[in-house]
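Encoded as structure tokens, the structure appears first; notes follow it.
The values are calculated or read from the model by the stated rules, or taken from the named source; none is laboratory data. Everything numeric here is computed off the predicted structure, so don't read it as measured data. Neighbour counts are summed over all protein chains in view; Cβ atoms, including those assigned to glycine, are modelled from backbone coordinates with ideal geometry.
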Amino acid sequence: MPDSLTEYYLAKAGCTVSDAPLLRIVGAGLQLILEGIAADALQASKRRQTLSAKLLKKIGFDGDDKRIILTVEDLREALGEVGVPLTKPLYYQSAGGAT
């Protein structure tokens, strides 16, 4: 992860780091976390795509298409495994409050 990106998000969170090695350590840790979430989301997508073709068509996917499609639901599942809830903003939620 580039130092400038790490420094930007640390500054946005209210932290300033002037030590370059510390900045790189934080960036490496952040990259490791993001890679884990992306890998979990990929596994969730692959699990979804192993469903039957009939069920995939019912939920809006082409059952014959073998491309990997990452959806928000896959990302929501991956983030939920690490304790980060991903919910829609209130203006996108239905009247019942579903997420």
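Collect the residues in segment 1-15 that are without any contact (Cβ under 8 Å) to a residue 12 or more places away in the chain, surrounded by 10 or more Cβ atoms within 10 Å (Cβ to Cβ) and part of a loop (DSSP other than H, G, I, E, B), keeping them in residue-number order. Across segment 1-15, the qualifying residue is only Cys15. Residue under question is Arg24, and the condition is that it be at pLDDT 90 or above, over 21 Å from the mean Cα position of the chain (by Cα) and of a type in the set (Lys, Arg); does it hold? Judged against the criteria, Arg24 is a match. Restricted to segment 73-99, and to residues there that are part of a helix (DSSP H, G or I) and exposed (fewer than 11 other Cβ atoms within 10 Å of the Cβ), the residue that is modelled with the lowest pLDDT is Tyr92. In the condition set (1) of a type in the set (Asp, Glu); (2) under 27 Å from Ile68 (Cβ atoms); (3) surrounded by fewer than 10 Cβ atoms within 10 Å (Cβ to Cβ), Asp40 is compliant with all but (3). Considering only residues that are farther than 27 Å from Val82 by Cβ and among the charged types (D, E, K, R), look in segment 41-67 and name the one that is modelled with the highest pLDDT. The extreme case among them is Lys58.
Whenever a residue of segment 28-39 is under 18 Å from Val72 (Cβ atoms), its partners that are surrounded by 12 or more Cβ atoms within 10 Å (Cβ to Cβ), lying with C-beta atoms within less than 7 angstrom and at least six residues away or across chains, give the pairs Ile37/Ala78; Ile37/Leu79.
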